[in-house]
Amino acid sequence: GVCKVDGVSERERPNVKQTLFASYNTLLAPKVRAACMEITPVSAKDSYFISTRCSEQGRNSNRVNLSTWFYQFSILLRRSLKERKQESFNTLRVFQVISAAILAGLMWWHSDYRDIQDRLGLLFFISIFWGVLPSFNAVFAFPQERAIFMKERASGMYTLSSYFMARIIGDLPMELILPTVFLLVTYWMAGLKPDLVAFLLTLLVLLGYVLVSQGLGLALGALIMDAKQASTIVTVTMLAFVLTGGYYVHKVPSCMAWIKYASTTYYSYKLFVNVQYGDGKKVSPLLGCSHRGSSTVSCKFIDQDIAGQIRPELSVGILILMFIGYRLMAYLALRRIKG
């Protein structure tokens with residue numbers, strides 16, 4: 001099927017593809033067809049040995065499939081890291097995060113420990129910013145890759161699980177660097193609790209919250225698979241989560257209370273407050289709120305935002321469930337897409 005085309009004009013050159021097809025059909029196809037149609041009778045004596053051999057080949061096939069899966073995963077992971085590196089660290093996004101960090105640090109510059117209202121506003125701003133930004137960016141991931149994904153899946157290039165795991169793991173280093181930089185700038189400029197353990201706990205809560213918010217965006221994007229519709233849904237969802245997050249309204253109507261307990265913002269905000277103020281016993285004497293029934297604004301904030309909050313262990317457990325649940329929802333939504 002290989003021909004020499006040196007010194008031949010473009011018009012006189014044969015169609016190499018058609019030549020290869022013709023050569024295959026002439027030379028190899030009859031042999032392949034004969035090999036496939038050949039049937040060799042098997043005696044009953046040899047049935048045991050054949051079944052044993054087949055089982056051994058099945059076990060070897062499983063090992064090959066596992067190695068193939070890891071090979072596919074490694075290739076897709078490298079591709080994802082190259083693509084996400086340009087997307088996550090483009091100049092506009094870095095400028096957006098650094099600007100927000102500096103503005104927040106200047107607005108709350110060395111705030112006093114006893115200015116509870118101001119500090120709670122900063123903690124809730126962090127919850128809003130790092131709830132909306134990751135979810136809104138992640139919601140476009142699968143809709144934008146739908147055409148390529150369907151084409152590659154239809155050709156059998158890789159399994160869905162290898163693609164999904166490469167996407168999830170490839171996003172981790174890209175999604176966690178900017179929040180870390182943001183908190184490094186804002187935390188110390190705002191003068192939050194000057195303790196290394198408190199800073200590390202705040203950073204851990206922030207990174208976990210970013211991953212949960214990203215999972216929400218991935219799930220909605222995979223379910224809807226339309227960039228405009230998905231962005232609208234994630235905007236409305238995050239708006240509902242922010243309004244019921246526990247800062248704007250404490251007495252949420254009973255018909256809306258279920259949104260509060262489904263809100264990622266609610267649990268992250270309570271964890272931020274717990275890291276800074278604990279159960280409120282240390283700051284209460286400083287504000288003259290050691291006695292019951294005090295009606296000052298600061299004391300009301302302590303009762304409603306600090307003392308009257310969900311246990312941190314429960315908040316962590318729910319965020320972990322959300323982290324797993326949103327990604328599982330995204331995976332199941334991708335499975336229904338046919339190439």
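Probe radius 1.4 Å, ligands and nucleic acids ignored: give me the carbon and sulfur share of the accessible area of the stretch 101-212 as a rounded percent.
Heavy-atom surface of the stretch 101-212 belonging to carbon and sulfur, 1.4 Å probe: 72 percent.
With label points built 7 Å along Cα→Cβ from the Cα atoms of Gln229 and Thr91, find their separation and express it in nm.
3.7 nm
Within 10 Å, count the other beta carbons around each residue, average over each peptide in 316-323, 263-270, and list them highest first.
263-270, 316-323
Give a residue-ordered list of calculated ³J(HN,Hα) values for the stretch 256-268 (Karplus: 6.51 cos²θ - 1.76 cosθ + 1.60, θ = phi - 60°; whole Hz; x for Gly, Pro).
Result, ordered by residue: 10, 5, 5, 5, 4, 7, 9, 7, 5, 5, 4, 6, 5 Hz.
What ³J(HN,Hα) values, in whole Hz, does the Karplus curve 6.51 cos²θ - 1.76 cosθ + 1.60 give for the stretch 223-233 when θ = phi - 60°, with x put for Gly and Pro?
So the J values, rounded to whole Hz, are 6, 8, 6, 9, 4, 5, 5, 5, 5, 5, 5.
Does anything in the stretch 101-132 have its amide N under 19 Å from the 7 Å Cα→Cβ label point of Ala262, and if so which residues?
Under cut-off, by backbone N: 131-132.
Which percent of the accessible heavy-atom area of the stretch 228-274 goes to carbon and sulfur, probe 1.4 angstrom?
Carbon and sulfur atoms account for 69 percent of the accessible area of the stretch 228-274.
Residue by residue through the stretch 203-218, which ³J(HN,Hα) values in whole Hz follow from phi under the Karplus form 6.51 cos²θ - 1.76 cosθ + 1.60 (θ = phi - 60°), with glycine and proline marked x?
5, 5, 5, 5, 5, x, 5, 4, 5, 5, 5, 5, x, 4, x, 4
Going down the table (Lys85/Lys260; Lys193/Lys251; Lys151/Lys260; Lys82/Lys270; Lys228/Lys260; Lys228/Lys251), which pairs top 31 Å between alpha carbons?
Lys85/Lys260; Lys151/Lys260; Lys82/Lys270; Lys228/Lys251
The values are calculated or read from the model by the stated rules, or taken from the named source; none is laboratory data. Just so we're clear, the structure is a prediction, and the values are computed from it rather than from any experiment. With ideal geometry, Cβ positions are generated from the backbone for all residues, glycine too; neighbour counts draw on all protein chains shown. Heavy atoms of the whole protein, side chains included, go into the accessibility calculation; ligands, DNA and RNA do not. Shrake-Rupley method; radii C 1.70, N 1.55, O 1.52, S 1.80 Å.
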